[in-house]
1. Select from the chain the helices, each a whole stretch of DSSP H, whose alpha-carbon atoms run 24 Å or more along the helix axis and whose Kyte-Doolittle mean is at least 0.5; answer none if there are none.
2. What is the gain in length, in nm to one decimal, between Asp51 and Arg137 on full extension, counting 0.36 nm per residue of separation less the C-alpha to C-alpha distance?
3. Highest mean first, how do 21-33, 38-50 rank when packing is the count of other Cβ atoms within 10 Å averaged over residues?
4. Per-residue accessible area for Leu138 at 1.4 Å probe radius, Å² rounded to 10?
5. For the chain, just the Cα set please: Rg and Dmax, both in angstrom.
6. Which value at 222 nm does the chain reach when only helices count, each DSSP H run of 4 or more adding -39,500 (n - 2.57), with the total divided by all residues and rounded to the nearest 500 deg cm²/dmol?
7. Could you tell me the calculated FRET efficiency between Lys101 and Ile129, based on Cβ-Cβ distance and R0 = 30 angstrom, to the nearest 0.05?
8. At a 1.4 Å probe radius, carbon and sulfur cover how many percent of the accessible area of the chain?
Amino acid sequence: MTRIGQTMMLLHGGDREEARNRFGQLWTQIGADGDPLHRCTLAHYMADAQDDPDDELAWDLRALTAAEGLSGERLARHDSAVALRALYPSLHLNLAADYVKLRRPQEARIHLDRARAASDALDDDGYGIGVRAAIDRLDRRLRAE
């Protein structure tokens, strides 16, 4: 998780290509059968490093699949159940945004509705307020189109 965080800093600093390369190396190291929490986190951020909307969608789908594969035992062991529930609104919001970019409004609406339904798990902190606001903005955009 530390290396994922360090690579995120590269991404947020604007070095998308290097971030993609490092995320790709980490993905190879984690492997398809690696820790689902690590795969979810990595795929979630790898999606943000993509330039192609189809690639972004593929990574966001990997993140959701990994999140759905987390066992209760794994979550309890690392006290991550609350964090994961708070991640679902963002996962679905990202998928909705991907589908909007790809001009697939029906799929976008499905994931936006799932993001809104999952947003009950968010706290009323900066993150939660930001995700709820993004859900509302995307909802308005979909309705306008």
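The values are calculated or read from the model by the stated rules, or taken from the named source; none is laboratory data. Keep in mind that this is a model prediction, so the values were computed, not measured. Here Cβ is always computed from backbone atoms with ideal geometry, including for glycine, and neighbour counts include all displayed protein chains. These accessible areas exclude ligands, DNA and RNA; they are computed on the full protein's heavy atoms, side chains included. Shrake-Rupley method; radii C 1.70, N 1.55, O 1.52, S 1.80 Å.
1. TM-like helix candidates: 81-101.
2. Length difference between fully extended and current span is 28.8 nm.
3. 38-50, 21-33
4. Solvent-accessible area, nearest 10 Å²: 20 Å².
5. Over the chain's Cα set, Rg and Dmax evaluate to 15.0, 44 Å.
6. -25500 deg cm²/dmol, from helical runs alone.
7. 0.80
8. 49
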